[in-house]
1. Within region 1-44, can you find the residues that are loosely packed, with under 14 Cβ neighbours inside 10 Å, more than 25 Å from N160 (Cβ to Cβ) and of a type in the set (A, V, I, L, M, F, W, C)?
2. Let me spell it out: the conditions are (1) touching a strand residue (DSSP E or B) at 6+ places or on another chain (Cβ under 9 Å); (2) modelled with pLDDT of 95 or more, and D263 meets all of them except one. Which number is the exception?
3. Only one of R141, R172 is in contact with a strand residue (DSSP E or B) (Cβ under 7 Å, 6 or more places away or on another chain), farther than 25 Å from I361 by Cβ and not assigned by TED's automatic domain parsing to the domain that holds M369. Can you tell me which?
4. Looking at region 144-189, which of the residues that are part of a strand (DSSP E or B) and of a type in the set (D, E, K, R) is surrounded by the fewest Cβ atoms within 10 Å (Cβ to Cβ)?
5. Quick one: is Q72 in the same structural domain as K31 (by TED's automatic domain parsing), under 15 Å from G118 (Cβ atoms) and modelled with pLDDT of 95 or more?
6. Output yes when any residue across region 287-298 is outside any helix (DSSP H, G or I) and small (G, A, S), and no when none is.
7. Taking the options N280, N216, name whichever one is out of contact with any Ser or Thr (no Cβ under 9 Å at 6 or more places or on another chain) and either closer than 20 Å to N152 by Cβ or aromatic (F, W, Y) (or both).
8. Which number in (1) outside the structural domain of V168 (by TED's automatic domain parsing); (2) more than 26 Å from R40 (Cβ to Cβ); (3) touching a residue at least 24 places away in the same chain (Cβ under 8 Å); (4) of a type outside the set (V, I, T) marks the one condition that G96 misses?
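The values are calculated or read from the model by the stated rules, or taken from the named source; none is laboratory data. If you're wondering where the values come from, they're calculated on a predicted model, not measured in any experiment. Quick reminder, even Gly has a Cβ in these numbers, built from the backbone with ideal geometry, and neighbours come from all protein chains shown.
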Amino acid sequence: MSRQIFEMEHEMFRDSVRSFLKAEIQPHREKWYEQGVVDRWAFEKAGEQGLLMIWADEKYGGQGIRDFRYEQVFMEEMARYGDPGFFATLHSRLVGPYLGELGNEEQKQRFLPDMIAGKKILGIAMTEPGAGSDVAGIRTRAEEHDDYWLLNGSKTYISNGINGDVFVVAARTVPGKSHGLGLFLVEADSEGFERGRNLKKMGLKSQDTAELFFNNVKVPKSNVLGDATRGFYYLMQFLAEERLIGAVGYLANCEHALAITLDYVQERKAFGQRVADFQNTRFKLADMRTQIDVAQAFVDQCVLQHNEGKLTAEMAARAKLFTSELEGRVMDECVQLHGGAGYMDEYEISRMFVNARISRIYAGTSEIMREIIARSMGLDPRKRAPQDTAQPDKQAPRVANG
């Protein structure tokens, strides 16, 4: 299907990204898979090619490109020729904008140049053992002192946790207030900061995921992002883009899985004919092709809306929900069409299958996405009138607008 969303400049950028990934990333995938972490030099190589934080102003070393379609191109090529452990998108587009949008001039001058060059790697620390999708449940705390905040607590499942040099850490700054959070730039060489183990995961084996510990870490006030009591609202501000990033990546994975499966079934023979010649195979492939194309049209429109600043949290939730669920179905069908080979680790589809399982969990679970979407339809139990809850059996519940 021809996609009109891209222009000549985007396709030229695609060629450069593809060349970089084939030359510098693809040859090392097996090594990184075995060692459980990507070599740090990969980020520096990407920085040398101008592929990190392209949105940043030129005075910091960026390119000043705000068009999200370039990020879309990067993620699509990553699905085909990159490595899932090379989490450059987390560095550049999930975490970097916190500094770009909330940071003051001094912070930008101090941090951005090395981050754009790939010399300092970013991570974000929100998730805790008892707080995942429920950001309001964060227990890591920060106490204010004269010229610093004292940080105590722990985080888990932190991507880029081993390689990371600077982490955006969410911590409670207003005791007793669920939304009273602050965001802090914590540097890995800070006294009292410790990394835990590189966590063993079902999939994404080359992507370093770690526990982080903060034991009386003194965070200078110069490392606070924005207002130290409005971190919850800052996090909500960036969630729509995070979910759009997920949707773009999930669809790119679907497209690649379909492509390698199409090649496989045309080569593999069973009962004297190609697997592709069975009606079941052709129908399955046709269904996947149709569903991916429909989802792609929707996500492309979300990208254009995001470029115009019009993408809502509810629309991003729909994109994230639909594409992550679709990715799970596509991977399952593609493994099935590979037969026994699909279960073997040496086949790419096997790794893609287990990698995809996290998509319905991180950046907000599918259940949370459904809750957001339902509330946008006016189905919010918190807004039911008192008389509705008092007599549930005597009348149908009414739901307030909004």
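1. Across region 1-44, the qualifying residues are M1, M8, M12.
2. Going through (1) touching a strand residue (DSSP E or B) at 6+ places or on another chain (Cβ under 9 Å); (2) modelled with pLDDT of 95 or more one by one, D263 breaks only (1).
3. None of the others qualify; the one that does is R141.
4. Of all residues in region 144-189, those part of a strand (DSSP E or B) come to 144, 148-159, 166-172, 181-187.
Pick out the ones that are also of a type in the set (D, E, K, R) and you get 144, 155, 172, 187.
Working: E144: 13, K155: 26, R172: 24, E187: 16.
Taking the candidates together, the pick is E144.
5. Details: in the same structural domain as K31 (by TED's automatic domain parsing): yes; under 15 Å from G118 (Cβ atoms): no; modelled with pLDDT of 95 or more: yes.
Answer is no for this residue.
6. Restricting attention to region 287-298, the residues satisfying the condition of being outside any helix (DSSP H, G or I) are none.
Checking region 287-298: not a single residue is outside any helix (DSSP H, G or I) and small (G, A, S).
7. Numbers: N280 fails: either closer than 20 Å to N152 by Cβ or aromatic (F, W, Y) (or both).
Sole residue among the options that is out of contact with any Ser or Thr (no Cβ under 9 Å at 6 or more places or on another chain) and either closer than 20 Å to N152 by Cβ or aromatic (F, W, Y) (or both): N216.
8. Failed condition: (2).
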